[in-house]
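Colleague: Structure provided below as structure tokens; questions to follow.
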Amino acid sequence: RGDDGAAILAISDQKDVALEIHVTNKPSEPAEPQRDGDDAHEALLSASFPPELPYSALRQDEGRPAPVLCLANQNGSRVECELGNPLQRGAEVRFFLILSTSGITLQTTDLAVELALSTISEQPGLAPVVARARVVIELPLSVTGVAVPPRLFFGGTVRGESAVKHESQVGSAVRFEVTVSNRGQSLKTLGSAFLTLLWPHELPNGKWLLYPLHLELAVSPGQALPCSPAANPLRLALVRPRCGDAL
């Protein structure tokens, strides 16, 4: 739960979650049990689910002698569970509704499930209950990087920025390859995750140390997208790579 007491549903790679249901038929005043309380005939629980969290299955409480029977509609947005006929006075029923997380996206911030009890027996004040939870998406992302070559030596003539016109004048090339891996559920859209790269930009005297010539995002084999901001801010003349050469 959060600091405010609200339930938090943390989603990573699990395909379903369990909603625990606990129904009791006990006297309203435990100190005076003789005042009220009776068997609840045709006791029924109705549950309504949001599209992001449809009903999937029922898990029984192993200690319950009589099983709960649940019937859901076709899209899993509603389910009705028979609790007993009758649900005896003083009885407790505990079971779990298994809900699918397949509809939850990165845009899902909260979920609400409405639970309503009904019985043909007299039961005043039987109001629906709403189970709410905030959704937190936990993506098991990892980042690795490698530099080729792993070591560079600086030398040669130092030129001012205005004197540099061609790629060959910025020094030895080094390729930094960064790989982002996601071991959890799909991001659905690549724009939902961002990677910020920081590198030694310039020396204390204001001279360039590492100048970005090429920046690209390889989303799939043979497909590359530009990064922001764009590389080569000085618009130097670049050497076109030969067939088979790596950028």
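Colleague: From the residues in segment 103-153 that are in contact (Cβ under 8 Å) with a residue 40 or more places away in the chain, polar (S, T, N, Q) and in a strand (DSSP E or B), which one is farthest from V174 (Cα to Cα)?
Modeller: S118
Colleague: Report, by residue number, each residue of segment 153-169 that is exposed (fewer than 12 other Cβ atoms within 10 Å of the Cβ) and either closer than 30 Å to A116 by Cα or of a type in the set (A, V, I, L, M, F, W, C) (or both). Working first, answer last.
Modeller: Initially, segment 153-169 is screened for residues exposed (fewer than 12 other Cβ atoms within 10 Å of the Cβ), giving 153-158, 160-163, 166.
Matches in segment 153-169: F153, F154, V158, A163.
Colleague: Another question, then. Of all residues being in a loop (DSSP other than H, G, I, E, B) and more than 25 Å from L197 (Cβ to Cβ) in segment 159-180, which is modelled with the highest pLDDT? Just the residue, please. Show your work before the answer.
Modeller: Initial filter on segment 159-180 (in a loop (DSSP other than H, G, I, E, B)): 159-160, 164-165, 170-174.
Filter once more, so that each one left must be more than 25 Å from L197 (Cβ to Cβ): 159-160, 165.
Numbers: R159: 76, G160: 76, K165: 87.
This residue is K165.
Colleague: From the list P204, P124, P200, which one is more than 30 Å from T105 (Cβ to Cβ), assigned by TED's automatic domain parsing to the domain that holds G103 and either among the small types (G, A, S) or modelled with pLDDT under 85 (or both)? Give the derivation first.
Modeller: Details: P204 fails: assigned by TED's automatic domain parsing to the domain that holds G103; P200 fails: assigned by TED's automatic domain parsing to the domain that holds G103.
So the residue among P204, P124, P200 that is more than 30 Å from T105 (Cβ to Cβ), assigned by TED's automatic domain parsing to the domain that holds G103 and either among the small types (G, A, S) or modelled with pLDDT under 85 (or both) is P124.
Colleague: Right, next: Would you confirm whether or not segment 64-76 contains a residue that is touching a residue at least 60 places away in the same chain (Cβ under 8 Å) and either loosely packed, with under 14 Cβ neighbours inside 10 Å or part of a strand (DSSP E or B) (or both)?
Modeller: Step one: list which residues in segment 64-76 are touching a residue at least 60 places away in the same chain (Cβ under 8 Å), which gives none.
Within segment 64-76, not a single residue is touching a residue at least 60 places away in the same chain (Cβ under 8 Å) and either loosely packed, with under 14 Cβ neighbours inside 10 Å or part of a strand (DSSP E or B) (or both).
Colleague: Which one of G184, G156 is within 30 Å of I104 (Cα to Cα), modelled with pLDDT under 80 and either within 28 Å of the chain's Cα centre (by Cα) or in a loop (DSSP other than H, G, I, E, B) (or both)?
Modeller: Working: G156 fails: within 30 Å of I104 (Cα to Cα).
Residue meeting the stated conditions: G184.
Colleague: Residue under question is T108, and the condition is that it be in the same structural domain as R183 (by TED's automatic domain parsing) and either touching a helix residue (DSSP H, G or I) at 6+ places or on another chain (Cβ under 6 Å) or at pLDDT below 90 (or both); does it hold? Please lay out each step first, then the result.
Modeller: Values: in the same structural domain as R183 (by TED's automatic domain parsing): no; either touching a helix residue (DSSP H, G or I) at 6+ places or on another chain (Cβ under 6 Å) or at pLDDT below 90 (or both): yes.
No, not satisfied.
Colleague: Still on this model: Looking only at segment 127-153, count how many residues are of a type in the set (D, E) and over 14 Å from the mean Cα position of the chain (by Cα). Full working, then the answer.
Modeller: Residues of segment 127-153 of a type in the set (D, E): 138.
Then keep just the ones that are over 14 Å from the mean Cα position of the chain (by Cα); that gives none.
Within segment 127-153, residues that are of a type in the set (D, E) and over 14 Å from the mean Cα position of the chain (by Cα) number 0.
The values are calculated or read from the model by the stated rules, or taken from the named source; none is laboratory data. Worth saying up front: this structure is predicted, and the values here are computed from it rather than measured. Methodologically, a virtual Cβ is constructed for each residue, glycine included, from the backbone with ideal geometry; neighbour enumeration extends over all protein chains shown.
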